[in-house]
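Participant: The structure's right below; bear with me while I get my questions together.
The values are calculated or read from the model by the stated rules, or taken from the named source; none is laboratory data. Note that the structure is a prediction, hence the values are computed from the model and not measured. Backbone-built Cβ (ideal geometry, glycine too); neighbour counts: all protein chains shown.
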Ligand code: DAH
């Protein structure tokens, strides 16, 4: 065999290998198959690599012809693999996008729908009722200072009402003062009167805290505060507002109410309001029967509170009330155990919760 013949044979071999590799590349069905082709051609012991290594053994004049041919082929194969890889990746993404297509306009499946917690529901109901009467919503912080939670509400340092509140205190500051977790929503009255001009007509729903825990008390609970300040509002208006609220909230035509004299440092006179009801087993009927159920505290704003807020008691007057939300939610919806409200038990929520789209409205009904 002459050297020329030998050379021609090598060139032939290279061409054959090139066309074999290119067809293997174009036949690779996925990235793994493509990678196998790459290793078997360009890998350390790949067919192309072995041929390149063979260059060293060739005579210089042979190498001059074979080396460029091999290099060119290496480039062609490398490019072909890159292109194939890109095409496979694009195809894989396309397939994924098609397979995972999601129609976001489809309606939610009812069994997968979340539920509104009864407390949120009741807050929405109460808000709807008072908004309709012209009240706006006010808010205050969960962490209060002594002035807003106590002093401005006419509960000075030595007042026994401070003990009654079972207050959670935060650690003492450098100046000796201690902040508290608000024990009631009444400090929002103070914030409202200090931060804006009368007349005021607000409700303030929110979390409140007392160091107390048993069957009917939880350390965190919810209250709603109401406040009206102007120059003419009196006890008769207070009764009218609360009567309207009870009728709307309990969804009955009439509710008999009873105001019992009571004491709160921030109101004078003060009262507690009961509604007529009857207990039948663990169910309660509102508006009929021989029992009375206390649902809130209220009264005319104490002149000292007005003065603390920079309002002249000879010019301004008004009323306020405060009510536990959790208890009236239990009452309205026949929920037996207060603590379940805060257990985050999904089965409980599924049973007692509300469908999100049924937003309470006075026109459409509060609870549907
Ligand atoms: N803050 C009182 C409490 O938590 C409830 C209360 C009573 C609020 C009378 C009022 C009110 O605004 O006038 O026990």
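Participant: Report whether or not residue 354 is touching a residue at least 12 places away in the same chain (Cβ under 8 Å), over 25 Å from residue 226 (Cα atoms) and crowded, with 19+ Cβ neighbours inside 10 Å.
Facilitator: Taking the combined requirement at face value, the residue satisfies it.
Participant: Looking only at residues in region 267-276 that are under 38 Å from the mean Cα position of the chain (by Cα) and farther than 11 Å from residue 297 by Cα, which one is nearest to the ligand (Cβ to nearest atom)?
Facilitator: 275
Here's the yes/no breakdown for (1) part of a loop (DSSP other than H, G, I, E, B); (2) within 22 Å of the chain's Cα centre (by Cα):
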| residue | (1), (2) |
| --- | --- |
| 319 | no, no |
| 322 | no, no |
| 336 | yes, no |
| 339 | no, yes |
| 347 | no, yes |
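Participant: With the structure loaded, tell me whether residue 258 is in a strand (DSSP E or B) and away from the ligand (no atom under 12 Å from the Cβ) or whether it fails that test.
Facilitator: Taking the combined requirement at face value, the residue satisfies it.
Participant: Still on this structure, I have one more. Do the conditions hold for residue 92, that is, is it free of Cβ contacts under 8 Å to residues at least 60 places away in the same chain, in a helix (DSSP H, G or I) and either surrounded by 13 or more Cβ atoms within 10 Å (Cβ to Cβ) or not assigned by TED's automatic domain parsing to the domain that holds residue 176 (or both)? So that I can check it myself, show each step before the final result.
Facilitator: On the way: free of Cβ contacts under 8 Å to residues at least 60 places away in the same chain: no; in a helix (DSSP H, G or I): yes; either surrounded by 13 or more Cβ atoms within 10 Å (Cβ to Cβ) or not assigned by TED's automatic domain parsing to the domain that holds residue 176 (or both): yes.
Here the answer is no, as residue 92 does not meet what is asked.
Participant: Residues of region 199-220 being more than 22 Å from residue 139 (Cα to Cα) and either in a strand (DSSP E or B) or away from the ligand (no atom under 13 Å from the Cβ) (or both), which ones?
Facilitator: 211, 213, 214, 215, 216, 217
Participant: Here's a follow-up. Which of (1) free of Cβ contacts under 8 Å to residues at least 12 places away in the same chain; (2) within 22 Å of residue 253 (Cβ to Cβ); (3) surrounded by 13 or more Cβ atoms within 10 Å (Cβ to Cβ) does residue 348 not meet, given it meets every other one?
Facilitator: Answer for residue 348: the failing condition is (2).
Participant: A follow-up question, please. How many residues does region 134-156 hold that are more than 13 Å from the ligand (Cβ to nearest atom), in contact with a helix residue (DSSP H, G or I) (Cβ under 8 Å, 6 or more places away or on another chain) and in a loop (DSSP other than H, G, I, E, B)?
Facilitator: 1
Participant: Okay, next question. Tell me whether region 353-368 contains one or more residues that are touching a strand residue (DSSP E or B) at 6+ places or on another chain (Cβ under 9 Å), at pLDDT 85 or above and assigned to a helix (DSSP H, G or I).
Facilitator: no
Participant: Sticking with this structure for a sec: Here is a check on your reading of the model: is residue 331 away from the ligand (no atom under 16 Å from the Cβ), in contact (Cβ under 8 Å) with a residue 24 or more places away in the chain and within 29 Å of residue 276 (Cβ to Cβ)?
Facilitator: Values: away from the ligand (no atom under 16 Å from the Cβ): yes; in contact (Cβ under 8 Å) with a residue 24 or more places away in the chain: yes; within 29 Å of residue 276 (Cβ to Cβ): yes.
Yes; evaluated as a whole, the condition is true for this residue.
Participant: Six or more apart or on different chains, Cβ atoms under 6 Å: show the pairs whose first residue is in region 175-187 and more than 10 Å from the ligand (Cβ to nearest atom) and whose second is part of a loop (DSSP other than H, G, I, E, B).
Facilitator: 178/170; 178/172; 179/145; 179/170; 180/167; 181/168
Participant: Further, regarding this structure: Considering only helices (runs of 4 or more DSSP H) fully contained in region 1-83, which possess at least 1 residues that are assigned by TED's automatic domain parsing to the domain that holds residue 93, modelled with pLDDT of 90 or more and under 26 Å from residue 93 (Cβ atoms)?
Facilitator: Of the helices (runs of 4 or more DSSP H) lying wholly inside region 1-83, those with at least 1 residues that are assigned by TED's automatic domain parsing to the domain that holds residue 93, modelled with pLDDT of 90 or more and under 26 Å from residue 93 (Cβ atoms) span 3-27, 31-42.
Participant: Any residue in region 278-300 that is crowded, with 20+ Cβ neighbours inside 10 Å, within 10 Å of the ligand (Cβ to nearest atom) and at positive phi?
Facilitator: Yes, that holds for at least one residue.
Participant: Within region 289-308, identify whether any single residue is part of a strand (DSSP E or B), more than 36 Å from the chain's Cα centre (by Cα) and under 29 Å from residue 195 (Cα atoms), and answer yes or no.
Facilitator: yes
Participant: Taking the criterion of being surrounded by 13 or more Cβ atoms within 10 Å (Cβ to Cβ), in contact with a strand residue (DSSP E or B) (Cβ under 6 Å, 6 or more places away or on another chain) and farther than 21 Å from residue 302 by Cβ, would at least one residue in region 226-241 satisfy it?
Facilitator: No, region 226-241 contains no residue that is surrounded by 13 or more Cβ atoms within 10 Å (Cβ to Cβ), in contact with a strand residue (DSSP E or B) (Cβ under 6 Å, 6 or more places away or on another chain) and farther than 21 Å from residue 302 by Cβ.
Participant: Only one of 321, 348 is farther than 30 Å from residue 153 by Cβ and either in contact with a helix residue (DSSP H, G or I) (Cβ under 9 Å, 6 or more places away or on another chain) or at pLDDT 95 or above (or both); which?
Facilitator: When all the criteria are applied, what remains is 348.
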